[in-house]
């Protein structure tokens, strides 16, 4: 079988040559690495990977195939984290053409081709990861087709070199957030409303005296919604820049999402209004950063981010340590927290902030993913704590 060549070109001119096993097209994005051993269906469909070329350090990828893209009655995918692949591309060392798993219906390569997402195999992903760790996160582009390493400056010839985007300047949250209000009930009921729906119209939806949680969708993973619904609350999912403060609700949940939180000023302003009240607020990942910004703290970009299933975090003031699933490139500057706030979790590897809480009000967050999927479930108690406060 003849395989098309593919090349990853970093913005410092470095090249990594391999072969295409996905859809043949040129793309560009931020090159990040993930050290998890499993979970490529969940990671690829995680909206937090929008705009990124995902490098998997685990060498063998694809051997358990891809589960069916089935949709539940409430509109949520059964086995994925959103309705499509959000990563710009996937880069692996050794792609397994053959797969075997009780729930697999197609190969990773076939799925990528169906969704028009490039994949490269044959790359030394350990060497690539080492370069990113030493240099810091870099932009890169994938070129499909022939290469000419003898040409001027090692120029790569292919179908298209594409433009190198400025990742931090793009509001990826706006790209992946919902565009309407979506209400979910634990019994599987789902209803959508236009964003100009007022509180009276929304109240006609039968909430059956359930507690109402407004979910600010910054790129929410489906498993966050699943975890809230299984705790018997109604979920009102709203766009990232929607002013939810006029709605009748019992608690506010701030979701994960892609890109730079500094592009989400509209969300921060609306969250700041909610901080004047006393209704419980919980944030995850991007939600942690937006809550911190609303409380007056600042955010900074990590050198290469945290993307894995084995990040150890400690609950501040205790000896409790948890193994967590993470996917983020920005962090809260802990020393900029206001007097009313304090750190809730700390990363045991590098000391970065992993969550905050208000000293007197029911506001708290985590930088890691307690809903895990895929990954450890040690910290699902965060959902229990939030729902108990409603």
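Every number here is computed from the coordinates shown, using simple stated rules; none is lab data. Source: prediction; values computed, not measured. Because the Cβ atoms are built from the backbone with ideal geometry, glycine has one as well, and the counts that use them run over all protein chains shown.
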In cubic angstrom, how much convex hull volume per residue do the alpha carbon atoms of the range 331-390 span? 87 Å³
Cα extents of the range 283-390 along the three principal axes, largest first (Å): 36, 33, 24
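Using a Förster distance of 30 angstrom, determine the FRET efficiency expected from the C-beta separation of residue 124 and residue 79, and round it to 0.05.
Efficiency computed from Cβ-Cβ geometry: 0.45.
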Residues 134, 97, sorted so that the one with the fewest Cβ neighbours within 10 Å comes first: 134, 97
Using 15 Å as the cut-off for backbone N distance, which residues of the range 248-285 belong to the label zone defined by a point 7 Å from the Cα of residue 191 along Cα→Cβ? 248
With R₀ set to 45 angstrom, the calculated FRET efficiency between the beta-carbons of residue 320 and residue 203, to the nearest 0.05, is 0.65
In percent, what relative contact order does the range 91-140 have, based on Cα pairs under 8 Å that are 6 or more apart in sequence? 48 percent
Please compute the modelled spin-label separation between residue 278 and residue 94, points set 7 Å along Cα→Cβ, answer in nm with one decimal. 6.0 nm
Nearest 10 degrees is fine. How inclined is helix 125-135 to the longest principal axis of the chain, computing both from alpha carbons? 60 degrees
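Shape of the range 47-129 from its Cα gyration tensor (a ≥ b ≥ c, root eigenvalues): rounded if a/c is under 1.5, otherwise prolate when a/b > b/c, or oblate?
oblate
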The range 258-344: relative contact order in percent, alpha carbon pairs under 8 Å with at least 6 residues between: 30 percent
Taking Cα atoms, the helix 265-274 axis meets the longest principal axis of the chain at an angle in degrees (rounded to 10) of 20 degrees
If you split all Cα-Cα distances of the range 222-269 into 10 Å bins from zero, what percentages do you get per bin, shortest first? 20, 50, 28, 2
Give me the Debye-computed log₁₀ of I(q)/I(0) at q = 0.11, 0.19 Å⁻¹ for the range 167-314, equal point scatterers on Cα only, no solvent, two decimals. -0.42, -1.19
Inter-label distance for residue 301 and residue 377, nm, one decimal - labels placed 7 Å from Cα along Cα-to-Cβ: 3.7 nm
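Could you work out the relative contact order of the chain? I mean the mean sequence separation of Cα pairs under 8 Å and 6+ apart, divided by the number of residues, in percent.
Reported as a whole number, the value is 15 percent.
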